[in-house]
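The values are calculated or read from the model by the stated rules, or taken from the named source; none is laboratory data. This one's a predicted model, so the numbers in the text were calculated from it and none came from an experiment. Using ideal geometry, Cβ is built from the backbone for each residue, glycine included, and neighbour counts are taken over all protein chains shown. For accessibility, only protein heavy atoms count, side chains too; no ligands or nucleic acids. Shrake-Rupley method; radii C 1.70, N 1.55, O 1.52, S 1.80 Å.
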Amino acid sequence: MVTDYAEIAKDVAALGAPPNLADYQALRADWNWDDIIAELDLPGGSYNLAHECIDRHANGDRGDKIAMIYEATDGEVTNYTFKDMQREANKWANAITDLGIEKADRVFFFTDRIPELYFAIFGTLKRGAIIAPLFSAFGPEAVMERIRRAEGVMVVTTPNLLSKIDAIRDDLPSLEHVVVIGHRQGVEAGEGNLDYMEMTEGASEEFENEQTGSEDWSVMHFTSGTTGLPKGAAHVHNAVIGHYATGKHVIDLHEDDIYWCTADPGWVTGTSYHMFAPWSNGVTNLVYEGGFGAGRWYEAIQRHNVTVWYTAPTAIRMLMKAGVDSARQRDLSSLRYVMSVGEPLNPEGVLWGQDAFDLPIHDNWWQTETGAIMIANYPSVPIRPGSMGLPFPGIEPAIIDDQFNEITEPDQEGQLALKPGWPSMFRTYWNDQDRYDSRFQGGWYLTGDRAKRDADGYYWFVGRDDDVINTAGHLVGPFEVESVLIEHEAVAEAGVIGKPDPVAMEIVKAFVSLKEGYEQTPQLRRELMGHARQRLGPGVAPREIDFLDSLPKTRSGKIMRRLLKARELGLPEGDTSTLEDD
Ligand code: AMP
């Protein structure tokens, strides 16, 4: 653990613009969510994410301000003002209203990162329906499970992803509409599908938003647990309070910032911080369609004069691999503040930022369920490299023991818990209230993470408290992967773990035993890899598969993933008293 922070503190103090959060301790002591609520618009007492992110700016002083700088993969750049965003979102809202989409209907988004995605997301929120974005690298099985679970009525997609929807459509009785955004490639929607352009072309540019209240549904993101298939964590429009507040005090957004969040719109950071935090703060937001590439990313920062950059540890480790010179060769002087989320950011990553950009990287922590950042490093507070930082004002975390009692002595490991009741907290797992209730025990929300708090109140991540795998910042539930593997005719049993990886933090690794008559051949291994990839997509499918004659199980037949992991890593096997006799 690094204990001398003087150098880092000095550099943090030298960060360009005066931070919005100048005195952390004072703001924490005085915190009142009502002060934040007073900074929102909330017309007629209604809460609507689209109103706070788009309409209030479009109708006010920021109408002609650029809301979105869009850079397509071919390098073409198009700017959209807040008025443009409002007009396009209104057209979509009218089009789906005409189709009969109702308040709280689940509308899925499974698209590339193109402007119409953002127009349709805000238009759907205006209508009062629930947006449910999906990671575009998901395979058909992963998509089907999520749409089925939420009884989605519409999916919006792009031609390159349409075959994955076609493959599952007949298995989804709730799915009434498939909308294809094909005009950018000159591709037609195809029979049985709706065409985005045709739907919106003649639609009115005016729309009266649904009068959603603070507790009306807004966003659903799927997240993985140890058991069962992914659950739809459902959020309400009240969450905008958290997006706006953390956008102001953690992301430190200022009027003239050019902000870039690299998260994929299919994950929660891709909505909360790629869309809602910047736009509720009225800030110009870069949407960069291209994928990762150190040189390309640096050039994007340079070309668009990005000032505030929010990315993830896996990306930072990939940038580190590309070398500090690759950053130093470019003029990245527009940058004033860099942040990271999704996995632990090692101290080396924080300090590397200092070398590469003359800026330390600020780590922060939150989850799909929390809806917004809960623990963070702030521009005005010295960083302790390797720490997630201090609680956001208004948030009360704790380290608790197995009986849900708070551990008050410093540097003791326990489960990280939060006092429930913050505005952006999820309100249910869709159609699974029991599982939701199980996350609240002893007066705490249980995060499923293990952590420590030091004597000065900084939180330090230790690891997951469950078997969930964190690969490149994306959570993967082992059960979902095991279920697909055992669907293959050759597989008798499957156990899936996270194997440590120097870049992606963990990779998905599977162990399988075969049914009688099948042989453990490299060809079968490849076939299983292909099967999982095809069904789940590359982000979820195992990167490694090992054959075992049988998997370690408890006497009640449960596969002991913990033991598989210990054996893989050469660690002590711990308590094996429940292990089934061979
Ligand atoms: P998700 O719900 O997919 O956003 O994933 C949330 C989980 O990612 C957390 O419960 C942690 O396990 C991990 N995570 C997110 N941010 C951090 C961080 N800054 N440090 C360590 N782990 C993190």
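Here the extension length gained between Val187 and Glu544 equals 124.8 nm, from 0.36 nm per residue of separation less the Cα-Cα distance. Across the chain, the relative contact order, built from alpha-carbon pairs under 8 Å that are at least six residues apart, equals 14 percent.
With a cut-off of 9 Å between beta carbons, the residues surrounding Ala504 carry a summed charge of -1, where Lys and Arg count +1 and Asp and Glu -1. Looking at the range 20-156 alone, DSSP beta bridges between its own residues are antiparallel in about 40 percent of cases. Checking the cross-link pairs Lys103/Lys126; Lys83/Lys103; Lys164/Lys509; Lys515/Lys553; Lys509/Lys565 against a 19 Å limit on the alpha carbon distance flags Lys83/Lys103; Lys164/Lys509 as lying beyond it. Average accessible surface for the range 232-341: 24 Å² per residue, computed with a 1.4 Å probe over protein heavy atoms with every protein chain in place. Length gained on full extension, Ser556 to Asp34, computed as 0.36 nm times the residue gap minus the Cα-Cα distance: 182.8 nm.
Surface listing: Trp217, Trp430 arranged by accessible area from highest to lowest gives Trp217, Trp430, probe 1.4 Å. Relative contact order of the range 190-283: 22 percent, from C-alpha pairs under 8 Å at least 6 residues apart in sequence. With viscosity set to 1.567 mPa s at 4 °C, what whole-number translational diffusion coefficient in µm²/s follows for the range 505-582 from Stokes-Einstein and a Kirkwood radius over Cα pairs? So the translational diffusion coefficient is about 93 µm²/s.
When all alpha carbon pairs of the range 366-500 are counted in 5 Å bins from zero, the resulting P(r) reads 2, 9, 16, 19, 19, 14, 9, 5, 3, 2, 1, 0 %. Along its principal axes, the chain has C-alpha extents of 72, 64, 51 angstrom, given from the largest down. Averaged over its residues, the range 86-127 has an accessible area of 23 Å² per residue, based on protein heavy atoms and a 1.4 Å probe. If R0 is 56 Å, what FRET efficiency do you get for Glu487 and Glu255 from their C-beta distance, rounded to 0.05? Efficiency for this residue pair is about 0.60.
Per-peptide packing, taken as the mean over residues of other Cβ atoms within 10 Å, places 234-241, 189-196, 387-394 in the sequence 234-241, 387-394, 189-196 from highest down. Farthest towards the positive end of the charge dipole of the chain, among the residues His531, Ala189, Thr368, is the Cα of His531, using unit charges on the Cβ of Lys, Arg, Asp and Glu.
DSSP bridge analysis restricted to the chain gives an antiparallel fraction near 60%, rounded to the nearest 5.
Each peptide among 261-272, 369-380, 311-322, 54-65 gets the average number of other Cβ atoms lying within 10 Å of its residues, and from highest to lowest they stand as 369-380, 261-272, 311-322, 54-65. The separation of the range 362-391 from the range 157-189, counted between C-alpha centres, amounts to 38 Å. Surface composition of the chain: carbon plus sulfur atoms hold 46% of the accessible area, using a 1.4 angstrom probe and ignoring ligands, DNA and RNA. For the range 109-204, the residue among Gly128, Val156, Phe138 whose Cα projects farthest onto the positive side of the dipole built from Cβ charges is Gly128.
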